Amino acid sequence: MIRLENLTVSYRRHPAVHHVSGSFADGQATAIFGPNGAGKSTLLKAIMGALKPDAGRVLMRGVARRDMAYLPQQSEIDRSLPVSVIDLVSSGHWQRSGLFGKVGRNDDDASWNALVTVGLEDFATRPIAALSSGQFQRVLFARILVQDAPLILLDEPFNAVDAATTADLLALVERWKTEGRTVIAVLHDEQQVREHFPQTLLMAREVIAWGDTAEVLTADKLRRASDTAAHWSANAPVCRVDGVTP
Amino acid sequence: MIDFLYQWVLAPFVEFAFMRRALVACLALALGSAPVGLFLVMRRMSLVGDAMSHAVLPGAAVGFLIAGLSLPAMSLGGFVAGVLVAGFAGLATRFTEIKEDASFAAFYLLSLAIGVLLVSSSGSNVDLMHLLFGSVLAVDDAALLLVASVASVTLLTLAVIYRPLLLESLDPVFLRAVGGHGSVWHLLFLLLVVLNLVSGFQALGTLMSVGLMMLPAICSRLWAATVGGMLLAAFLIAALAGMGGLLLSYHVELPSGPCIILLAGLFYIVSLFVAPQGGVLPRLLRQRHLES
């Protein structure tokens, strides 16, 4: 279970996530939705532990940091390195194998099955440099399958990916939902959110609404989100809010 | 023909102990430096090796000023200076928005300036210059021991940190996300870089030892398509350049350090044209494409 308590994260004093409190529903799929610059990716990085909060905190109960699979918006993978597709997928075993642990036959089977699931088994021994961006995204999803994590964080996973690939990858999200994993995804496509994510956090640096998707994505609340985004100022005064807002 | 080969390739090593020592030193250097160089290349830090080779200069000079021409003192000094520069550059990168290459540039220049001041203040000492540019034909037991120990430590350490180091080169965000302590492996690796540069400086000099580290590693990408293959290729190229360079310097009476690096460089130029993985010639000989 993940709880945000009065979480504020800022870059050079400018808050990207501003006094956000609330809980992510366990074992459910939550979409993080909002205008550009609303702090969606920042929130995900704070949950992941890569960014330190200015104030407030991220409380995790029952999930260690190592139980997370995280897919960044733009992977920093150096694709010029001579690494094969199957090796990259197998790096998902790290959490269990660590420094020396053996990657045994069962693990190899898991890697292979993951590749089959995303439909790239024919590419197993090809170098990662040979993949298109859509294929590469499939490989990264295969690695998430291998990680077998109870908590999955996805940052705009369907950017620069064609419709067929998006449909295949959304089918994986559906599978994770039935397996009871918690999925938190930053998305831009309202339709995708409505169809696949029962919970939505609508934010514009602060929480605009958080709950059942049908109740959050109303015309009224979406307008409030974009209005809030329109009034951000570079010369904002020092924020006086402190303490936990309920 | 056999006579000819013996005369030119084997005789120098059979007849002279100093040539045998030099050969062993070069092979040990190749074993340690080549894989370190390969990781530098894969981490896009090719120029960091160069920066570090300059950074060890003031330490070696301080060692010389304190203890004279003593290998342990100069090596220790060089090592300390290198670690300091790597450490400061690492901290600056971590806590400010300066990129790693810029941090290294800043600190090595600072270090180099101090080094040149120290060297010039000690007068125009021929011995010191000799050591800064190396003389592989003068390696004694102590130097040989140092080179061999560093090669052993390097290979053992790399064997231990191979998996996380490679993963950190490939996908640092992933390693951080799964709690893989990326910076620990990075720092350990930088330590290996400094160690290998210091171990190379008696044989090749501070400025040349980086050549045996980088040139074979850069070449290896043109010859192999896997990391394992590249490690092997880098070592073989470094070892060949070492042996060939020694023979060249013996036969034409030129300084050995530059000869070794020159051969490695020539091998790189040739590789650019003929090597199978992305060389120019294989690309020109257009092979028919496969079926879809």
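The values are calculated or read from the model by the stated rules, or taken from the named source; none is laboratory data. Everything numeric in this text was worked out from a predicted model, so none of it was measured. All Cβ positions, glycine included, derive from the backbone under ideal geometry; neighbour counts span all protein chains shown. Note: areas computed on protein heavy atoms with side chains; ligands, DNA, RNA excluded. Shrake-Rupley method; radii C 1.70, N 1.55, O 1.52, S 1.80 Å.
Within the stretch B:205-292, list the trypsin sites (Lys or Arg not before Pro) lying in a DSSP loop whose Cβ has at most 12 other Cβ atoms in a 10 Å radius. Write out the running numbers ahead of the final one.
On the way: sites: B:Arg221, B:Arg283, B:Arg286, B:Arg288; in loops: B:Arg286, B:Arg288.
Those satisfying the criteria are B:Arg286, B:Arg288.
Rounded to the nearest 100 Å², what is the buried accessible area between B and A, both sides summed, probe 1.4 Å? Before the final figure, lay out each step's value.
Numbers: alone 15210 and 12720 Å², together 25770 Å².
Accessible area lost upon association: around 2200 Å².
Looking only at chymotrypsin sites (Phe, Trp or Tyr not before Pro) in DSSP loops with at most 15 other Cβ atoms within 10 Å, what is the longest site-free stretch of chain A? Display every interim value, and only then the final one.
Values: sites that count: A:Phe100, A:Trp232.
That gives A:101-231 as the longest site-free run.
With a 1.4 Å probe and all protein chains left in place, how much of the accessible area of the stretch B:190-277 comes from carbon and sulfur atoms, in whole percent? Don't jump to the answer; show the numbers that get you there.
Values: 2550 of 3180 Å².
Carbon and sulfur: 80 percent of the exposed surface of the stretch B:190-277.
Divide the volume of the convex hull of the Cα atoms of the stretch B:1-114 by its number of residues and quote the answer in cubic angstrom per residue.
Details: hull volume 15.4 nm³, N = 114.
Considering the Cα atoms of the stretch B:1-114, their hull volume per residue is 135 Å³.
Expressed in nm to one decimal, what extension gain is obtained for the pair A:Glu121 and A:Gln74 from 0.36 nm per residue of sequence separation less their Cα-Cα distance? Write down the numbers at each step before the final one.
Numbers: separation 47, 0.36 × 47 = 16.92 nm, distance 2.38 nm.
Gain on stretching A:Glu121 to A:Gln74: 14.5 nm.
Taking the Cα centre of the stretch B:2-275 as the origin and placing charges on Cβ (Lys, Arg +1; Asp, Glu -1), which of B:Thr154, B:Gly244, B:Leu65 is farthest toward the positive end of the dipole?
Selected residue: B:Thr154.
Please work out the Kirkwood hydrodynamic radius for the protein assembly as shown, using every pair of different C-alpha atoms, and report it in angstroms with one decimal place.
On the way: mean 1/r = 0.0378 Å⁻¹.
Final number for the Kirkwood radius of the protein assembly as shown is 26.4 Å.
Among A:Val207, A:Val83, A:Val20, which one shows the biggest mean-square fluctuation in a GNM of chain A, springs joining Cα atoms closer than 10 Å?
A:Val83
Can you flag which of A:Lys52/A:Lys177; A:Lys52/A:Lys102; A:Lys45/A:Lys177 are past 26 Å Cα-Cα?
The pairs that break the limit, which is 26 Å between Cα atoms, are A:Lys52/A:Lys177; A:Lys52/A:Lys102.
Given a Förster radius of 25 Å and the C-beta distance between A:Asp220 and A:Ser23 as r, what FRET efficiency does 1/(1 + (r/R0)^6) yield to the nearest 0.05? If you can, show how the numbers build up before the last one.
Working: r = 24 Å, r/R0 = 0.94.
FRET efficiency, A:Asp220 to A:Ser23: 0.60.
Can you tell me the length gained on complete extension of the stretch B:Leu240 to B:Ala106, counting 0.36 nm per residue apart and subtracting the Cα distance? Don't jump to the answer; show the numbers that get you there.
Numbers: separation 134, 0.36 × 134 = 48.24 nm, distance 3.47 nm.
In short, 44.8 nm is gained.
Give the average, rounded to an integer, of partner chain Cβ atoms located within 10 angstrom of each Cβ in B:172-183.
6
Under a point spin-label approximation (7 Å from Cα along Cα-to-Cβ), what is the B:Val14-B:Ser121 distance to one decimal in nm?
Placing both labels 7 Å along Cα→Cβ, they lie 5.3 nm apart.
Give, in whole angstrom and from largest to smallest, the semi-axes √(5λ) of the equivalent ellipsoid of the stretch B:2-275, with λ running over the eigenvalues of the Cα gyration tensor.
Details: eigenvalues 177, 124, 45 Å².
Semi-axes, largest first: 30, 25, 15 Å.
Out of the GluC sites (Glu not before Pro) in the stretch B:1-102, which ones are loop residues according to DSSP with at most 16 other C-beta atoms within 10 Å? Walk me through the numbers on the way to the answer.
Details: sites: B:Glu15, B:Glu97, B:Glu100; in loops: B:Glu97.
Loop-located and lightly packed - B:Glu97.
What are the semi-axes of the equivalent ellipsoid of the stretch B:199-265, taken as the square roots of 5 times the eigenvalues of the Cα gyration tensor, listed largest first and rounded to whole Å?
Numbers: eigenvalues 103, 31, 13 Å².
Values for the stretch B:199-265, descending: 23, 13, 8 Å.
Averaged over its residues, how many other protein chain Cβ atoms are within 10 Å of peptide A:96-104's Cβ atoms? Please list the in-between numbers first.
Values: counts 0, 1, 5, 8, 4, 1, 0, 1, 0.
Taking the mean over all residues of the peptide, I get 2.
Which distance in nm do the two modelled labels at B:Gln287 and B:Asp3 give, with both placed 7 Å along the Cα-to-Cβ direction?
Using points 7 Å along Cα→Cβ, the separation is 4.5 nm.
Taking N as the number of residues in the stretch B:160-221, what is its Cα Rg relative to 2.2 N^0.38 Å? Walk me through the numbers on the way to the answer.
Values: Rg = 14.3 Å, N = 62, 2.2 N^0.38 = 10.6 Å.
Output field value: 1.35.
Within chain A, what's the longest run with no GluC sites (Glu not before Pro) in a DSSP loop and at most 13 other beta-carbon atoms within 10 Å? Give the range, please. Don't skip to the answer; put the middle values down first.
Numbers: sites that count: A:Glu76, A:Glu179.
Free of exposed loop sites, the longest segment is A:77-178.
Using +1 at the Cβ of each Lys and Arg and -1 at the Cβ of each Asp and Glu in the protein assembly as shown, identify which of A:Ala130, B:Pro276, A:Asn6 lies farthest towards the dipole's positive end.
A:Asn6
Need one value for A:80-89: mean number of C-beta atoms belonging to other chains within 10 Å of its residues' C-beta atoms.
Numbers: counts 3, 11, 10, 8, 2, 0, 0, 5, 4, 0.
Mean partner shielding for this stretch: 4.
Once the cut-off is 28 Å, how many percent of the Cα-Cα pairs in chain A end up in the long-distance tail? Present the calculation step by step, with values, prior to reporting the outcome.
Details: 10705 of 30135 pairs.
When every Cα pair of chain A is considered, 36 percent fall beyond 28 Å.
Would you pull out the residues with amide H under 5 Å of A:Leu7's amide H, same chain only if 5 or more places away, H placed 1.01 Å from N?
The answer is A:Val20, A:Ser21, A:Arg57.
Which of these, A:Ala31, A:Ala164, A:Ala234, has the largest mean-square fluctuation under a Gaussian network model of chain A (Cα springs below 10 Å)?
The residue that fluctuates most here is A:Ala234.
Return the single residue from B:Ala177, B:Ala22, B:Ala241 with maximal mean-square fluctuation; model: Gaussian network over chain B, springs between Cα atoms under 10 Å.
Top of the fluctuation ranking is B:Ala177.
Between A:Met1 and A:Asp148, how high is the FRET efficiency from 1/(1 + (r/R0)^6) when r is the Cβ-Cβ distance and R₀ = 22 Å? Nearest 0.05. Provide the component values of the computation, followed by the final result.
Numbers: r = 19 Å, r/R0 = 0.87.
E between A:Met1 and A:Asp148, to the nearest 0.05, is 0.70.
Pick out, in residue order, every one of the trypsin sites (Lys or Arg not before Pro) in the stretch A:35-68 that is DSSP loop and has at most 14 other C-beta atoms within 10 Å; say none if there are none.
Details: sites: A:Lys40, A:Lys45, A:Arg57, A:Arg61, A:Arg65, A:Arg66; in loops: A:Arg61.
Taking the stretch A:35-68 and a limit of 14 other Cβ atoms within 10 Å, the loop trypsin sites (Lys or Arg not before Pro) found are A:Arg61.
How do the peptides B:49-62, B:148-161 rank, highest first, by the average count of neighbouring beta carbon atoms within 10 Å per residue?
Numbers: B:49-62: 26.4, B:148-161: 16.8.
Descending mean neighbour count gives B:49-62, B:148-161.
Is there a quick way to get the dipole size of the protein assembly as shown? I mean about its Cα centre, with the Cβ of Lys and Arg at +1 and of Asp and Glu at -1; what is the value in debye to the nearest 20? Write out the running numbers ahead of the final one.
Values: 38 positive and 41 negative charges, 110 e Å.
Approximately 520 debye in magnitude.
Compute the semi-axes of the equivalent ellipsoid of the stretch A:1-106, taking the square root of 5 times each eigenvalue of the Cα gyration tensor, and list them largest first in whole Å. Show your work: numbers first, answer last.
Numbers: eigenvalues 185, 66, 33 Å².
Semi-axis lengths for the stretch A:1-106 are 30, 18, 13 Å.
Using 0.36 nm times the number of residues separating A:Val241 and A:His188, minus their current alpha carbon distance, what extension gain do you get? Could the numbers behind the result be given before it?
Details: separation 53, 0.36 × 53 = 19.08 nm, distance 2.96 nm.
Net length gain for the segment: 16.1 nm.
Can you bin every Cα-Cα distance in the stretch B:67-207 into 10 Å intervals starting at zero and give me the percent of pairs per bin, rounded to whole numbers?
Reading upward from the zero bin: 11, 34, 33, 17, 5, 0.
Hey, what did chain A get for relative contact order, percent, Cα under 8 Å, at least 6 apart?
Worked out over chain A, it gives 28 percent.
Which value, in debye to the nearest 20, describes the size of the charge dipole of the stretch B:2-275 about its Cα centre when Lys and Arg Cβ atoms bear +1, Asp and Glu Cβ atoms bear -1, and nothing else is charged? Spell out each step's value before the answer.
Values: 9 positive and 12 negative charges, 115 e Å.
Approximately 560 debye in magnitude.
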